[in-house]
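Engineer: Pasting a structure below so you can have a look.
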Amino acid sequence: MNKNKKIPSTIAEAVNKLLSELSIKDKHRIKNSREEDLWSFHFDLGMAIRNDFALWKKNSKLLENCKELSGNLYLHVDAASERIIKALWERLQEFPPPEIVR
């Protein structure tokens with residue numbers, strides 16, 4: 001992912017940032033995955049989300065937004081990145097094939 005400095009503070013901002021930075025090939029790979037297989041992105045995309053979006057940082061606004069939307073005040077950063085990946089996947093389902101917006 002692009003290391004540009006603006007860190008998203010909401011899941012919606014994170015998804016928009018991912019849509020603008022991921023390659024078309026990666027978008028297709030995510031879109032064409034089954035929901036139950038999204039866990040397979042944990043060690044590549046998930047790690048990039050956790051690190052690049054500062055989910056590990058104390059008082060992360062993005063982590064707080066993930067907690068709020070999940071209703072879980074003790075949400076771990078791994079679960080937060082999974083929630084963001086699922087939101088990305090859901091958003092990609094809205095795009096008709098083969099078009100994936102940059």
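Derivation of every value follows stated rules applied to the coordinates shown; laboratory data play no part. The structure presented is a predicted model; accordingly, all values stated were derived computationally and were not measured. Positions of Cβ are backbone-derived with ideal geometry, glycine not excepted, and every protein chain shown enters the neighbour counts.
Engineer: Take the Cβ-Cβ distance between L73 and A48 as r, set R0 to 22 Å, and report the resulting FRET efficiency rounded to the nearest 0.05.
Structural biologist: 0.30
Engineer: For the chain, what does -39500 (n - 2.57) per DSSP helix run (n ≥ 4), summed and divided by total residues, give at 222 nm, in deg cm²/dmol to the nearest 500?
Structural biologist: Calculated from helices alone, the mean residue ellipticity at 222 nm is -16000 deg cm²/dmol.
Engineer: A further question on this structure: Just flag the GluC sites (Glu not before Pro) in the stretch 68-99 sitting in loop per DSSP whose Cβ has no more than 12 other Cβ atoms within 10 Å.
Structural biologist: Here the sparse-neighbourhood loop sites are E94, E99.
Engineer: Let me ask something else about it. With a cut-off of 8 Å between alpha carbons and a minimum separation of six or more residues, what is the relative contact order of the chain in percent?
Structural biologist: 41 percent
Engineer: Further question on the same structure: Quick check on packing: order 32-39, 50-57, 12-19 by the mean number of other C-beta atoms within 10 Å, highest mean leading.
Structural biologist: For the peptides 32-39, 50-57, 12-19, the packing ranking is 12-19, 50-57, 32-39.
Engineer: Starting at the first residue of the stretch 39-45, write each ³J(HN,Hα) from the Karplus equation 6.51 cos²θ - 1.76 cosθ + 1.60 with θ = phi - 60°, in whole Hz, x for Gly and Pro.
Structural biologist: 4, 5, 8, 4, 8, 10, 5
Engineer: Quick one: what Rg and Dmax do you get for the stretch 11-93 from the alpha carbons, in Å?
Structural biologist: When restricted to the Cα atoms of the stretch 11-93, Rg and Dmax are 12.0, 35 Å.
Engineer: Please determine, in degrees from 0 to 90 and to the nearest 10, the orientation of helix 77-93 with respect to the longest principal axis defined by the Cα atoms of the chain, where the helix direction is its Cα long axis.
Structural biologist: So the helix axis and the longest Cα principal axis differ by about 30 degrees.
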